[in-house]
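Read through the structure below, which is laid out as structure tokens, and then see the notes.
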Amino acid sequence: MGYYQQHARGFSYIEILLSLAIASVLLTLFYTVIAVGPANAFEDNRSKALSVARYEIESLRTLPFESLPASGPQTPEGIAQLPDGTADLSVTDVSPGVRALTITVSWRESTGERFSTGLTTLSTDIP
């Protein structure tokens, strides 16, 4: 047996550096997946909320001026897709024959924090 075979009991510097490099790459990938997950969930919920608000605004725009509902909570289609989702309508008289319609959709994220988004349109009494 040669000298190297009798005394080679540990790892070489190259093996240690290579294993550290692999571990750092794996940790970086793992951290990226963990950090991006909640952001993707928030954007998904925000997109759903905007879709619900857009659908509700378009539904309201098809109604005649005198048939517009009063301000208050709404139950638009798709609100159940949001965690603890709610929708509120605000109808404000801007001037004679003109009303501002604002739909606000709110939801609760997994962190417990509540977020909301809304859309506004004008409705007129012009025949």
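The values are calculated or read from the model by the stated rules, or taken from the named source; none is laboratory data. No experiment lies behind these values; they were computed from the predicted model shown. Here the Cβ positions follow ideal geometry from the backbone for every residue, glycine too, while neighbour counts run over all protein chains shown.
Below is a table of values for the structure above.
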read-out: Within segment 82-105, considering residues that are touching a Lys or Arg at 6+ places or on another chain (Cβ under 9 Å) and without any contact (Cβ under 8 Å) to a residue 24 or more places away in the chain, the one farthest from ILE57 (Cα to Cα); value: ASP93
read-out: Odd one out for ALA39 among (1) at pLDDT below 90; (2) under 17 Å from ARG108 (Cβ atoms); (3) hydrophobic (A, V, I, L, M, F, W, C); (4) not in a helix (DSSP H, G or I); value: (4)
read-out: Subset of segment 80-118 (residues that are within 18 Å of GLU43 (Cβ to Cβ) and of a type in the set (A, V, I, L, M, F, W, C)); value: LEU82, VAL105, TRP107, PHE115
read-out: So ASP93, is it part of a strand (DSSP E or B), surrounded by fewer than 14 Cβ atoms within 10 Å (Cβ to Cβ) and not hydroxyl-bearing (Ser, Thr, Tyr); value: yes
read-out: Flag if ILE126 is touching a residue at least 24 places away in the same chain (Cβ under 8 Å) and under 15 Å from the mean Cα position of the chain (by Cα); value: no
read-out: Per-region count, segment 46-81, residues in contact (Cβ under 8 Å) with a residue 24 or more places away in the chain, under 14 Å from VAL105 (Cα atoms) and assigned to a helix (DSSP H, G or I); value: 12
read-out: Residue check for ALA87: at pLDDT 90 or above, assigned to a helix (DSSP H, G or I) and surrounded by 15 or more Cβ atoms within 10 Å (Cβ to Cβ); value: no
read-out: Matching residues, segment 106-125, being closer than 15 Å to LEU60 by Cα and surrounded by 14 or more Cβ atoms within 10 Å (Cβ to Cβ); value: GLY118, LEU119, SER123
read-out: Per-region count, segment 28-61, residues more than 11 Å from the chain's Cα centre (by Cα), crowded, with 16+ Cβ neighbours inside 10 Å and farther than 30 Å from ILE126 by Cβ; value: 0
